[in-house]
There are 4 protein chains.
Amino acid sequence: MAVIKYSGKKPVRVAVVGASGYAGLETMRIISGHPAAEVVFATSNTYSGKDVQEVFPQLNLSRKLLFQPHEKAEAFRGADVFILSLPHGKSYDMIDSLLAHAAVVDISADYRLADPEMYEKWYDYVHPCPDLLETAIYGLTEIYRKLIKKARLLANPGCYPTSVALAVHPLENVSEYIKGPVIIDSKSGYSGAGRSPKPHLLFSEAVDEFTVYAPTGHRHTSEMIQEVKNTFGWNVPVTFTPHLIPVARGILSTICIPVQGDISESKIRETYESFYRGESFVKVLPAGRMPSIKHVRGTNMCHMNLFLDEDTKILKLVSVIDNLVKGAAGQAVQNMNLMFGVRETAGLLANAIMP
Amino acid sequence: MAVIKYSGKKPVRVAVVGASGYAGLETMRIISGHPAAEVVFATSNTYSGKDVQEVFPQLNLSRKLLFQPHEKAEAFRGADVFILSLPHGKSYDMIDSLLAHAAVVDISADYRLADPEMYEKWYDYVHPCPDLLETAIYGLTEIYRKLIKKARLLANPGCYPTSVALAVHPLENVSEYIKGPVIIDSKSGYSGAGRSPKPHLLFSEAVDEFTVYAPTGHRHTSEMIQEVKNTFGWNVPVTFTPHLIPVARGILSTICIPVQGDISESKIRETYESFYRGESFVKVLPAGRMPSIKHVRGTNMCHMNLFLDEDTKILKLVSVIDNLVKGAAGQAVQNMNLMFGVRETAGLLANAIMP
Amino acid sequence: MAVIKYSGKKPVRVAVVGASGYAGLETMRIISGHPAAEVVFATSNTYSGKDVQEVFPQLNLSRKLLFQPHEKAEAFRGADVFILSLPHGKSYDMIDSLLAHAAVVDISADYRLADPEMYEKWYDYVHPCPDLLETAIYGLTEIYRKLIKKARLLANPGCYPTSVALAVHPLENVSEYIKGPVIIDSKSGYSGAGRSPKPHLLFSEAVDEFTVYAPTGHRHTSEMIQEVKNTFGWNVPVTFTPHLIPVARGILSTICIPVQGDISESKIRETYESFYRGESFVKVLPAGRMPSIKHVRGTNMCHMNLFLDEDTKILKLVSVIDNLVKGAAGQAVQNMNLMFGVRETAGLLANAIMP
Amino acid sequence: MAVIKYSGKKPVRVAVVGASGYAGLETMRIISGHPAAEVVFATSNTYSGKDVQEVFPQLNLSRKLLFQPHEKAEAFRGADVFILSLPHGKSYDMIDSLLAHAAVVDISADYRLADPEMYEKWYDYVHPCPDLLETAIYGLTEIYRKLIKKARLLANPGCYPTSVALAVHPLENVSEYIKGPVIIDSKSGYSGAGRSPKPHLLFSEAVDEFTVYAPTGHRHTSEMIQEVKNTFGWNVPVTFTPHLIPVARGILSTICIPVQGDISESKIRETYESFYRGESFVKVLPAGRMPSIKHVRGTNMCHMNLFLDEDTKILKLVSVIDNLVKGAAGQAVQNMNLMFGVRETAGLLANAIMP
């Protein structure tokens, strides 16, 4: 697979495939404010032929752009990178063509799992291009930055797994104290459920509501298992329970891990602070400070903190991200920046809006 | 302590102390629709002297009632029962006087813990009347119904502990499979934080927000420890992490418990269905159905379900209640009904409002 | 058309046609708590064949009931009354059959306008059964109570028109001071938009949103024109602008009417208080008190108040209702009670839930 | 009063007085992302002495900054401009001192009304420095741009008046068709009510709520009267009714104005499009498109549209802004940019976040 050639003198030309779903739309928003990239092509079967700016008046695009149908993507030659925001399994047919001419950042789950058998267990199908699983790079930016810089096919992590894996990875330095299992209780805003209208996603149903779903078997568990193993070197058992919060954006994950031996909260804290020192998008909060989804809303930040329950020797990690930014489009752009030698933070420095 | 004498021919005369906080106000709402009870006295220092109906136009009271200051409660002789909704520790001075003339249902935490040392550890003070802890009955209705019928001082359970203890108690019949620890992740609406205005409770701060708080040391943990021990007979370790959801009402608790041995989800389900057969206010949902706070909003119901993660052998219990009804005023009235020989469901049968 | 025969000894047997939409579901909720009526039949094409209680676990029905397809309604003989909650224009085919055997309360707009030409102008079709428009009674209960008692085909008013007409009718007694036009600015919760999923009704789109729609030509304007004329005796010009609030339930209408001559706020207030004296479901609030949708949420109440801007001589009427109760199912049941000689308030006395 | 001297080579040094209220905090957010300005000083009595970044972790400040008490502002010499976000009437004592050394942009109402008598009627006090009313410039940017460029004391318009005046001013070109009165129905998010905790602002009270307030006598009416007169040249009567929407941000104003003569919607539309042609922050939407607060949330945009009800000859203007940006901090920065010769759009070009 050819290496990306990019001079850095012109803006990166971005094609967004699936631009009217929430992750695609968020990619449009971020790129439209990016100092070194521009959207040159956008697809949407729903709005095919319509002016992007008219359909989405909240965007300020620098040029007039009409939505194209997805099928036009394969033949498009004017992009340096395709950012794919299609549902899982929908881009296998076009992936070789796209990679022949450009880099690809795939926001779907299609290349996230290194082990093809995981697709059989968790996604219930045989992966059609296992060879690509070998070359694809898992884009958890802060952890795999070196690999990402050389990626041509980038598998952008899932939203829940991003919130979990960023919180867990620093424990690699204190892995001898980890007893397990890793018990993950995550809560997500409704944008995580996508933009296709279904009754339970209606405002009237969702307001005043809070509910659990998929308490066993959620597909994102597979990515968490993969990253927990990458962290500790062995298969610490992982269980995952997702919930829906009545907010549009945001994920908060509460992770409980029984620990053992002579370990203190302050020692673990030092590990975390050291692990993420110098990172622009991960902030370990001061002791006792609670992570809040509102502090990261609309931003590429991950805030986290840790608490040790001394009575039970259970370590609690709490992390928050915006599911559409650090959990999707933002991390995709962060990865794209690395792949093209652009400053990693370009286009991603907005403050959260509060209140 | 004298036994309650109540003929059953007249409505139970209820005095609500602390009637303008959320739990007190909810008590007012429920009693005002109760076929066999009526509010005869209501205190509020904030609105002292004002007409209840004018301050709260959503109520339809059968008689004109003025708010009295709390201090007037002690001398009031016209009540069969005082329902106390004061902050913790605020009624110790008046409790003996009240009990001399009437029954007391205390919605605060003052008499919930049987062991006075638990107050020192979790509430950080020495309990001033440990003798009352011995006579007070813990009002988790479905579990302690027989004792409650004879109670004169009823300690109404906390909102979080109600959601947890109702979900855990049926496991007493399969306790040999329980490995532990009991890892509780609860989520509550903002009414649980009370009606005293603080900046983080403002609408503009809370909307679009989701946050964790008190990840270690929350006082309700003590009640959960007590009930988990009452369930299993030994101190299974318990850890509790509360969160705030942007809804006014509702608690959803997700409880993860590692299990061991040859136990299946369907076998556990049978235990639950059998345990709560015939109960009016606890519903074990069909397999695979997700509990939702909206289904119990404004009602005295507890919906629950259970899920066994076969991969990790972790049992997940999920329960939902309305924190102000089954978690406070509703359970208080349910207990009052039992104490006075009124039909247990009286005043408590409204359907949830949806959407 | 035969008069309703109803002994009053048995519960009124209610068939709900269109029982899984929001108005139908609300009818189910209210009837299931009604002391003198019971649901004996319920249709839903979406859930045909399914157990009502399982689809909607928030309901507590007294008997097991399966959803039937709409087409079964015509042949059903076991009902005293059909409450129709179908979309506009969907019941014309079955209406004669239903009326042959039972009374009908129609929550749709099909018989609300006395003048068939209004259907051509506002609904854009020729009314197929103009003779029924003559016999149908417009069910604005507090205004047309006498007629309603004798109705066999009851046209239940629209949600917006109910909030407006109840606020305007008392002005009949001070009509000489009315200059006009009547400028109506209404705001409704999302349940008013129904339960069919559309993108703009999704939680993620609607939360944090507020928007206007149909600023000219909204169909409910026709009912308002009809009732304004019924109030004043002449065609005072009426304009209507609806908006969507991010709440599930509630309508607040702000009505501005330029007045003339020597009229004061207190004099108008006397008119209102006198007009609604003794009504159970309409409350004129004390001077200066603001109507709030939360005070009427889930109830059949209409709260209103009036304010005279002395600088501009513009009278402002503000009214609030729950669009699904007083604006649909609640008023339908109130009308049904009158039609069957049941106490008018039966099944409709719940307090609003706050917070 | 000395003219502003600013070289344009260094960033504008901004002191924010009242930086922990919502308007002040929003000023901090905007300036922290501004390419040609920086916050050098920030006051808050509530957080005096605390690190700004720690109190508000959502901000990414370029330098460490501690909150100062308000009283320190007068002596501070390092600012080119003070942006005041204090409550009304709280900065009269310091204004002369501040103006002696720097420019002032005042977000309060203290200098918005040109006529001192208006303060007596609407604010109920005698203005202490009527001479400053003569030199202060009313900062409705798109309308008074030329004057603003030379301002030293800038009175930033109120949030409601901004939404109204921007919608009304283009009518100056068709004023002969205006009959009046101007009937304004505005709806605002809760951040407009400020950050001081009061019971009715609590999340549990405000969620699911919608209410009217101050239906007569709201102070912002005075600014609207002033701008309506500036538009038409005569005192067209103005009435204003504000409401509270359960969102954090956003104002939508619906303005009804009876018109007369031979005027069409399309002719009025041409006037609007021509009036705002080339403006960066005002967008007249295409015919039939509804303004939505979500499209302008977090941005300095004003979207508007107009609709003519042909039946009643009532013109309806609908405008939306973010009350904290175009309605406060954003317009303040836009004005500051003009005053200092910085590009008008600097720091203000973010897209709205959707969903």
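The values are calculated or read from the model by the stated rules, or taken from the named source; none is laboratory data. As the structure is a computational prediction, the values presented were derived from the model and not from experiment. When we count neighbours, we look across all protein chains shown, and the Cβ atoms used for this are built from the backbone with ideal geometry, even at glycine. When the accessible area is computed, the model is the full protein with side chains, heavy atoms only, and any ligands, DNA or RNA have been set aside. Shrake-Rupley method; radii C 1.70, N 1.55, O 1.52, S 1.80 Å.
Can you confirm whether D:Leu25 is among the hydrophobic types (A, V, I, L, M, F, W, C), assigned to a helix (DSSP H, G or I) and within 24 Å of B:Glu205 (Cβ to Cβ)?
Working: among the hydrophobic types (A, V, I, L, M, F, W, C): yes; assigned to a helix (DSSP H, G or I): yes; within 24 Å of B:Glu205 (Cβ to Cβ): yes.
Answer is yes for this residue.
When D:Ile148, D:Ile184, D:Ile137 are checked against the criterion of being open to solvent by less than 50 Å² (accessible area, probe 1.4 Å), over 24 Å from D:Ile95 (Cα atoms) and more than 14 Å from chain B (Cβ to nearest Cβ), D:Ile184 stands alone in meeting it. Between A:Ser44, A:Ser20, A:Ser48, A:Ser85, the distinction of being in contact with a Phe, Trp or Tyr (Cβ under 6 Å, 6 or more places away or on another chain), buried (at least 17 other Cβ atoms within 10 Å of the Cβ), touching a residue at least 12 places away in the same chain (Cβ under 8 Å) and away from chain D (no Cβ under 14 Å) belongs to A:Ser44 only.
Yes/no per residue for (1) closer than 23 Å to D:Asp311 by Cβ; (2) basic (Lys, Arg):
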position: C:Arg77; (1), (2): no, yes
position: C:Pro87; (1), (2): no, no
position: C:Met94; (1), (2): no, no
position: C:Ala109; (1), (2): yes, no
position: C:Pro116; (1), (2): yes, no
position: C:Ala136; (1), (2): no, no
position: C:Ile143; (1), (2): no, no
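For the structure I just gave you, tell me whether B:Val55 is within 14 Å of chain C (Cβ to nearest Cβ) and either in contact with a Phe, Trp or Tyr (Cβ under 9 Å, 6 or more places away or on another chain) or of a type in the set (Gly, Ala, Ser) (or both). Spelling it out, B:Val55 is indeed within 14 Å of chain C (Cβ to nearest Cβ) and either in contact with a Phe, Trp or Tyr (Cβ under 9 Å, 6 or more places away or on another chain) or of a type in the set (Gly, Ala, Ser) (or both). Filtering D:Ser319, D:Ser292, D:Ser253, D:Ser280 for residues that are of a type outside the set (Asp, Glu), in contact with a Leu (Cβ under 7 Å, 6 or more places away or on another chain) and in contact (Cβ under 8 Å) with a residue 24 or more places away in the chain leaves a single hit, D:Ser319.
For the stretch C:88-107, a residue qualifies if it is small (Gly, Ala, Ser) and open to solvent by 10 Å² or more (accessible area, probe 1.4 Å), and the qualifying residues are C:Gly89, C:Ser97, C:Ala100.
Determine whether D:Lys72 is more than 25 Å from D:His220 (Cβ to Cβ) and either β-branched (Val, Ile, Thr) or surrounded by fewer than 18 Cβ atoms within 10 Å (Cβ to Cβ) (or both). Answer is yes for this residue. So, in the stretch B:332-355, how many residues would count as being modelled with pLDDT of 95 or more and within 12 Å of chain C (Cβ to nearest Cβ)? Number of matching residues: 3. If the condition is being closer than 29 Å to A:Val296 by Cα, among the polar types (S, T, N, Q) and at pLDDT below 95, then the stretch D:58-103 contributes D:Gln58, D:Asn60, D:Ser62. Starting from residues that are touching a helix residue (DSSP H, G or I) at 6+ places or on another chain (Cβ under 8 Å) and touching a residue at least 12 places away in the same chain (Cβ under 8 Å), keep the ones in the stretch C:231-243 and report whichever is surrounded by the fewest Cβ atoms within 10 Å (Cβ to Cβ). Filtering first and then ranking leaves C:Gly233.
Kindly indicate the residue of the stretch D:279-301 that is outside any loop (DSSP other than H, G, I, E, B) and more than 11 Å from chain C (Cβ to nearest Cβ) and also least open to solvent (accessible area, probe 1.4 Å) among those meeting that condition. Even if it seems obvious, please write down each step before you answer.
In the first step, residues of the stretch D:279-301 are kept if they are outside any loop (DSSP other than H, G, I, E, B); the result is D:282-284, D:292-295.
Checking which are more than 11 Å from chain C (Cβ to nearest Cβ) leaves us with D:282-284.
Numbers: D:Val282: 9, D:Lys283: 52, D:Val284: 28 Å².
Ranking the candidates gives D:Val282 first.
All of (1) open to solvent by less than 10 Å² (accessible area, probe 1.4 Å); (2) part of a helix (DSSP H, G or I); (3) within 14 Å of chain C (Cβ to nearest Cβ) hold for A:Asp208 with one exception: (2). Within the stretch B:244-263, the set of residues being more than 10 Å from every other protein chain (Cβ to nearest Cβ) and either over 26 Å from B:Ser175 (Cα atoms) or not in a strand (DSSP E or B) (or both) comprises B:Gln260, B:Gly261, B:Asp262, B:Ile263. What is the one condition in (1) away from chain B (no Cβ under 14 Å); (2) free of Cβ contacts under 8 Å to residues at least 60 places away in the same chain; (3) surrounded by fewer than 24 Cβ atoms within 10 Å (Cβ to Cβ) that D:Pro199 does not satisfy? Tallying (1) away from chain B (no Cβ under 14 Å); (2) free of Cβ contacts under 8 Å to residues at least 60 places away in the same chain; (3) surrounded by fewer than 24 Cβ atoms within 10 Å (Cβ to Cβ), D:Pro199 fails exactly one: (1).
Among the residues of the stretch B:164-181, those that are within 14 Å of chain A (Cβ to nearest Cβ) and more than 20 Å from B:Tyr276 (Cβ to Cβ) comprise B:Lys179, B:Gly180, B:Pro181. When C:Lys229 is tested against (1) in a loop (DSSP other than H, G, I, E, B); (2) more than 18 Å from the chain's Cα centre (by Cα); (3) more than 9 Å from every other protein chain (Cβ to nearest Cβ), only condition (1) is not met. Residue check: A:Asp309 meets all listed conditions (1) surrounded by 20 or more Cβ atoms within 10 Å (Cβ to Cβ); (2) more than 14 Å from chain D (Cβ to nearest Cβ); (3) touching a residue at least 12 places away in the same chain (Cβ under 8 Å); (4) farther than 28 Å from A:His34 by Cβ but one, namely (3). Per the conditions (1) away from chain A (no Cβ under 14 Å); (2) open to solvent by less than 10 Å² (accessible area, probe 1.4 Å); (3) at positive phi, the sole criterion not satisfied by C:Gly217 is (2). A single entry from A:Glu134, A:Glu142 fulfils the requirement of being farther than 25 Å from A:Ser186 by Cβ and not hydroxyl-bearing (Ser, Thr, Tyr): A:Glu134.
Looking at D:Ala329, is it assigned to a loop (DSSP other than H, G, I, E, B), within 14 Å of chain A (Cβ to nearest Cβ) and open to solvent by less than 10 Å² (accessible area, probe 1.4 Å)? Lay out the reasoning, then the answer.
Working: assigned to a loop (DSSP other than H, G, I, E, B): no; within 14 Å of chain A (Cβ to nearest Cβ): yes; open to solvent by less than 10 Å² (accessible area, probe 1.4 Å): yes.
Against the criterion (assigned to a loop (DSSP other than H, G, I, E, B), within 14 Å of chain A (Cβ to nearest Cβ) and open to solvent by less than 10 Å² (accessible area, probe 1.4 Å)), D:Ala329 does not qualify.
Checking each residue in the stretch D:262-278 for being touching a helix residue (DSSP H, G or I) at 6+ places or on another chain (Cβ under 6 Å) and open to solvent by 50 Å² or more (accessible area, probe 1.4 Å) picks out only D:Phe275.
Among the criteria (1) open to solvent by less than 10 Å² (accessible area, probe 1.4 Å); (2) in a loop (DSSP other than H, G, I, E, B); (3) not charged (D, E, K, R), the one D:Gly341 does not fulfil is (1).
The set of residues in the stretch B:76-99 being under 26 Å from B:Val342 (Cα atoms) and either assigned to a loop (DSSP other than H, G, I, E, B) or touching an Asp or Glu at 6+ places or on another chain (Cβ under 6 Å) (or both) consists of B:Phe76, B:Arg77, B:Gly78, B:Ala79, B:Asp80, B:Leu84, B:Ser85, B:Leu86, B:Ser97.
For every residue, the table says whether it meets (1) among the small types (Gly, Ala, Ser); (2) closer than 27 Å to B:Leu244 by Cα; (3) within 14 Å of chain B (Cβ to nearest Cβ); (4) outside any helix (DSSP H, G or I).
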{"site": "D:Ser191", "(1), (2), (3), (4)": "yes, yes, yes, no"}
{"site": "D:Ser204", "(1), (2), (3), (4)": "yes, yes, yes, no"}
{"site": "D:Thr221", "(1), (2), (3), (4)": "no, no, no, no"}
{"site": "D:Trp234", "(1), (2), (3), (4)": "no, no, no, yes"}
